[in-house]
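Have a look at the structure below before the remarks.
The values are calculated or read from the model by the stated rules, or taken from the named source; none is laboratory data. Not measured: the values here are computed from a predicted model. All Cβ positions, even for glycine, are placed from backbone atoms using ideal geometry, and neighbour counts span all protein chains on display. To get the accessible areas, we keep the full protein, side chains included, count just its heavy atoms, and leave off ligands, DNA and RNA. Shrake-Rupley method; radii C 1.70, N 1.55, O 1.52, S 1.80 Å.
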Amino acid sequence: MTNPLLDEWTDQFEMPPFSQIKNAHFEEAFNFAMAEAKINYKKIYSNKDAPTFKNTIEEMEKADNILNKVSRVFFNLAGADSNVARQNIQLRIAPKLAQFNSEILTNLKLWERVKTIFENNSKMKLTKEQIRVTLLYHKMFIRAGAKLTEIEKTRYQKIMSKLAILG
């Protein structure tokens with residue numbers, strides 16, 4: 001079975017092929033997209049080069065493109081045309097997405113790269129736009145628990161997973 005959510009959408013406006021998308025495609029697409037994003041993030045935090053806007057922030061912006069694509073389609077459909085099958089998918093996928101986001105935003109190596117760029121933005125001669133994007137990433141990591149201890153991070157991740165299920 002091919003998955004239209006994972007294909008490139010080649011029509012003029014890159015619209016999802018809604019007529020081809022079945023509920024059964026979503027979990028496969030989410031699982032693939034999260035695995036792909038984890039690989040992309042690992043490349044970023046494993047990079048031995050000094051953190052720069054280009055090799056960290058720009059790469060993070062692209063790291064979960066497939067996951068964003070799948071999420072946009074699913075959550076729009078789940079909100080506009082909900083049914084029991086989609087609600088059940090949402091119940092199964094929400095904790096996985098919460099766990100994924102927590103893993104990324106509490107990853108010490110990624111946090112250190114973002115923090116380094118944030119703290120050295122004037123030395124790096126970043127543009128105003130780059131400084132703003134870096135600031136937003138810095139805040140996002142802090143708000144997601146990047147500064148917590150490992151024990152606190154584990155507890156935070158469990159809480160976020162539980163909230164995702166309840167939400």
* Asked: Looking at Lys123, is it without any contact (Cβ under 8 Å) to a residue 12 or more places away in the chain, charged (D, E, K, R) and part of a loop (DSSP other than H, G, I, E, B)?
  -> yes
* Please verify whether the range 130-144 includes one or more residues that are more than 19 Å from the chain's Cα centre (by Cα), farther than 17 Å from Thr52 by Cα and among the polar types (S, T, N, Q). => no
* Structure fact -> For the range 1-42 the number of residues that are more than 18 Å from Ser102 (Cα to Cα), charged (D, E, K, R) and open to solvent by 90 Å² or more (accessible area, probe 1.4 Å) is 3
* Could you tell me whether Ala144 is touching a helix residue (DSSP H, G or I) at 6+ places or on another chain (Cβ under 9 Å) and touching a residue at least 60 places away in the same chain (Cβ under 8 Å)? => no
* Would you check which residues across the range 134-167 are open to solvent by 20 Å² or more (accessible area, probe 1.4 Å), under 28 Å from Asn120 (Cα atoms), among the charged types (D, E, K, R) and part of a helix (DSSP H, G or I) and list them? => Lys139, Arg143, Glu150, Glu152
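If I ask for residues that are β-branched (Val, Ile, Thr) and open to solvent by less than 50 Å² (accessible area, probe 1.4 Å), which ones from the range 83-132 would you list? Give the steps one after another, and end with the answer.
Let us first name the residues in the range 83-132 that are β-branched (Val, Ile, Thr), namely 84, 89, 93, 104, 106, 114, 116-117, 127, 131.
Passing the criteria: Ile89, Ile93, Ile104, Thr106, Val114, Thr116, Ile117.
With the condition kept exactly as written, say whether any residue in the range 53-74 is outside any helix (DSSP H, G or I), charged (D, E, K, R) and surrounded by 18 or more Cβ atoms within 10 Å (Cβ to Cβ).
If we filter the range 53-74 for residues that are outside any helix (DSSP H, G or I), which is where we start, we get 64.
From what is left, the residues that are charged (D, E, K, R) are 64.
Filter again for surrounded by 18 or more Cβ atoms within 10 Å (Cβ to Cβ), leaving 64.
Yes, some residue in the range 53-74 is outside any helix (DSSP H, G or I), charged (D, E, K, R) and surrounded by 18 or more Cβ atoms within 10 Å (Cβ to Cβ).
Return the residues of the range 84-95 that are in contact (Cβ under 8 Å) with a residue 12 or more places away in the chain and of a type outside the set (D, E, K, R); say none if nothing qualifies. So that I can check it myself, show each step before the final result.
Step one: list which residues in the range 84-95 are in contact (Cβ under 8 Å) with a residue 12 or more places away in the chain, which gives 85-86, 89-95.
Once the filter is applied, which keeps residues that are in contact (Cβ under 8 Å) with a residue 12 or more places away in the chain and of a type outside the set (D, E, K, R), the range 84-95 yields Ala85, Ile89, Gln90, Leu91, Ile93, Ala94, Pro95.
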* Asked: Taking the stated definitions as given, is Lys109 over 28 Å from Ile131 (Cα atoms) and either of a type outside the set (A, V, I, L, M, F, W, C) or out of contact with any helix residue (DSSP H, G or I) (no Cβ under 7 Å at 6 or more places or on another chain) (or both)?
  -> no
